[in-house]
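Read through the structure below, which is laid out as C-alpha cells, and then see the notes.
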Amino acid sequence: MFNLVKMDIRRLFKSRNFYIMLAVTAGLLMMMVCLVAMVADPETMDAMQAQGAEITEEDMEMSRQIHNMSSLDFIHECLSSGFLLIITGIGMSIRASGDFSSGYIKNICFARPRRRDYVISKILTAGVYSAAVTAAGIVFSLTASLLFGLHPDASPILSVLQYAFWHWLPNWAVGVMALFLAALTRSSVLGITLSVLCGGGVIAELVALVCQRLQWPALEQYLLSSLIRSQTVPLPGARQMAMILACSIGWAAVYTAGSLLSMEKRDI
C-alpha cells in the first residue's frame, strides 16, 4: 500500500497536467488581484471619475477597505469564491480518468488484485493534490498582491495555516468526488462538469431554490461550495468548524463508498 501511494504521488509531481493546473490557478489569481489593485488605486479612481464614470461613496469605501486588509483577509477575499474547488475537481478528474484510458489501472490491479488499495491510494493522492492547490492559491494570492503594489498587513502564520486547513478539507472532498465519477463513468466529462457547477455555486443555488419552493430546511448549507463561501476570518467559529469537518468527511465517505462499489462491481 505504501509503495502504491508513493508511486501515485511521484506520478502526480511528474505530470504536466498538475503544473498546468497550478499555472491556471496563478493566472486567475493574477487577473483577480489586478482588478482589485485597480479599484484600490486612488489615481485610477480619480481618472475614471474624470472620464465620466460614476464613482459612489461605496466604491471609495471599498478602496479604503482593501488598503486596510490583513494578509489573511486578502487571502480570504481571493479564495472564498470557491474556484479552487473547480481546479481540484478538474485536475483529479483528468488524472483518475487517465488511469482508465491509458491502461495503467489494469497493470496496477493485476499486480494488486485488491482494488480497494487503488481507491485508498487515489484518496490520499487527492489529499496531496488538493493541499498543493490550496497552498498554491495562498502563495499566489500574497505574491500577486505584492506585484500589483498592494501591501496587506502581515497576519500570524498560525492563523494562515489554520485557514488553509479548513479551506483544504472541502477541496479534498471534491477531489474524492472526482475519483468516484471517474470510476463510475470511466471518463472525465462528468467529473469536470460537476466540479465546475459545484465550485461555481450553481448546484447550491439550485438546491436553495428547491428547498425554498418546497419549504424545506436550508439543505444547501451542507454542500461543499457553501462550506467554502461561509468561512469567516480570522477563524471559523466552533460550530462552523464542526460543520466543515463533518460535511467534508461525510461527503468524502459517500464518494469513497461509491468508488469502492464502482471498482468492485465493474470490469476494469
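The values are calculated or read from the model by the stated rules, or taken from the named source; none is laboratory data. Computed from a prediction, not measured in an experiment: that's the story for all the values here. All Cβ positions, glycine included, derive from the backbone under ideal geometry; neighbour counts span all protein chains shown. The accessibility values were calculated without ligands, DNA or RNA, using every heavy atom of the protein model including side chains. Shrake-Rupley method; radii C 1.70, N 1.55, O 1.52, S 1.80 Å.
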(message) Between Tyr222 and Val202, what's the calculated FRET efficiency when r is the beta-carbon distance and R0 is 22 Å? Round to 0.05.
(response) 0.85
(request) Keeping the other protein chains in place, figure out the carbon and sulfur percent of the accessible area of the chain, with a 1.4 Å probe. (result) 66
(message) Explain nothing, just the number: dipole magnitude of the chain about its Cα centre with +1 on each Lys and Arg Cβ and -1 on each Asp and Glu Cβ, in debye rounded to the nearest 20.
(response) 2220
(message) Given a 10 angstrom Cα cut-off, can you work out which residue in Ala37, Ala111, Ala164 is the most mobile in a GNM of the chain?
(response) Ala111
(message) Given the DSSP H assignment, sum -39500 (n - 2.57) over each helix run of at least 4 residues in the chain and divide by its residue total; what's the result at 222 nm in deg cm²/dmol, nearest 500?
(response) -27000 deg cm²/dmol
(request) Consider just the alpha-carbon atoms of the chain and return their Rg together with their Dmax, both in angstrom. (result) 20.7, 71
(request) Enumerate the helices in the chain for which the Kyte-Doolittle hydropathy averages -1.0 or more and the C-alpha atoms extend at least 24 Å along the helix's axis, using complete DSSP H runs. (result) 16-40, 83-102, 115-147, 157-185, 238-265
(request) Among Ser102, Gly201, Gln162, flag the residue with its Cα farthest along the positive direction of the charge dipole of the chain, charges on Cβ as +1 for Lys/Arg and -1 for Asp/Glu. (result) Ser102
(message) With only alpha-carbon atoms in the gyration tensor, what are the semi-axes of the equivalent ellipsoid for segment 115-268, in Å, largest first?
(response) 29, 21, 15
